[in-house]
1. Given a cut-off of under 8 Å on Cα pairs at least six residues apart, what relative contact order in percent is computed for the chain?
2. What percentage of the solvent-accessible surface of segment 14-85, computed with a 1.4 Å probe over protein heavy atoms, is contributed by carbon and sulfur atoms?
3. With Rg and the Kirkwood Rh both taken from Cα atoms, where does Rg over Rh land for segment 37-159?
4. Run the helix sum for the chain: -39,500 (n - 2.57) per DSSP H stretch of 4+ residues, divided by residue count, reported at 222 nm to the nearest 500 deg cm²/dmol.
5. To check you understand DSSP bridge types, tell me what percent of the beta bridges within the chain (both residues inside) are antiparallel, rounded to 5.
6. Quick one: net charge around ASN27, please, counting Lys, Arg +1 and Asp, Glu -1 for every other residue with C-beta under 13 Å from its C-beta.
7. For Cα pairs less than 8 Å apart in space and 6+ apart in sequence, what is the mean separation divided by the residue count of segment 65-175, i.e. the relative contact order in percent?
8. For every other residue with a beta carbon closer than 13 angstrom to the beta carbon of SER38, add +1 if it is Lys or Arg and -1 if Asp or Glu, then tell me the sum.
Amino acid sequence: MAIINTYTHPFELPLENTALLVIDMQNDFCHPDGFNSSQLDLSLESIRAIIPSIQTLLEWSRKMGLMVVFTRESHSPDLSDLTSSKQKRYTNAGSPIGEPGKMGRFLVQGEKGVEIIDELRPLPHEIQLDKPAHSCFVNTQLDHKLRSQNITHLLITGVTTQCCVLATYRHASDLGYDCLLLDDCCAAFDRADHDATIHILQSEGGVLGWVAHSSMLYHV
C-alpha cells in the first residue's frame, strides 16, 4: 500500500485498485480550433499548460498498470440526451450545444471537437467514455466499469477544475470512492476558478477529500 503525501492528510493508494480519470481533454475545450477558443475567444493558456503534466502522469499510470479512463462531454447527434436545463445554461453562456464550429457541432458525438486531443491520444484498450452531464457518473456506465475491475481509488485530472472535475470528484466520493485530485493536472479558463476549487476541496479540515501535486506519485 503506497502512501501519498497530499497538501493535508496522507492518502492511501492501492495501485491494483486504482484508476486514472482524464476528464474532457477534448478538442472543443483544449484545441486552438476548438469551440471554446475559436468561437468564444477563451484563452487556452492555462488549459494547455497542464498537458505535459498529464502526459507524464499517463506514462507513469500505464507503466504501473493502472486502469485509464478518458471522458468526453458529448451528446447524441439528435441531442435526445440533452436536458432542457443544460441547453438553457449553455445557451446563456454563449455556447449552445450543437452549434457549428471549426471542428464540427459543439459537444456532439462523432464530431472532431469531442475527440481527445492528439497529445493525450488514448491507447486502443483504454476506455473513452461519452458523458452527457458534468459528472462522469450521470447516465453512464462508469461506476459499473470501475467496480467490475475492483477499482476503489481514483486519480482525477482534466478540465475544467470547477465544473466537470469537481462534479465528478464529489459524485465519486459520495459513491464511496477514495479520490485524489492532482492539481497540476487540472485547469480552468480562469485561474481564480481553479484556485477556488482547490481551496474548497481542502476546506473544513479535509472532509471533502484530498489534493496533491502529481510529482508525489512518482516516489512510490
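The values are calculated or read from the model by the stated rules, or taken from the named source; none is laboratory data. This is a predicted model, so every value here is computed, not measured. Methodologically, a virtual Cβ is constructed for each residue, glycine included, from the backbone with ideal geometry; neighbour enumeration extends over all protein chains shown. Remember, those area values only see protein heavy atoms, side chains included, never the ligands or the DNA or RNA. Shrake-Rupley method; radii C 1.70, N 1.55, O 1.52, S 1.80 Å.
1. Details: 428 pairs, mean separation 59.4, N = 220.
Relative contact order here is 27 percent.
2. Working: 1370 of 2860 Å².
Carbon and sulfur: 48 percent of the exposed surface of segment 14-85.
3. Working: Rg = 15.6 Å, Rh = 16.0 Å.
Checking Rg against Rh, the ratio lands at 0.97.
4. Values: 8 runs with 63 residues, N = 220.
So the helix-based figure for the chain works out to -7500 deg cm²/dmol.
5. Numbers: 6 of 32 bridges.
Among the beta bridges of the chain, antiparallel pairing accounts for roughly 20 percent.
6. Working: positive: ARG48, ARG72, LYS102, ARG105, LYS112, ARG121; negative: ASP24, ASP28, ASP33, GLU73, GLU111, GLU115, ASP118, GLU119.
Value of the local net charge: -2.
7. Reported relative contact order: 26 percent.
8. On the way: positive: LYS102, LYS112; negative: ASP28, ASP33, ASP41, GLU99.
Once positives and negatives cancel, what remains is -2.
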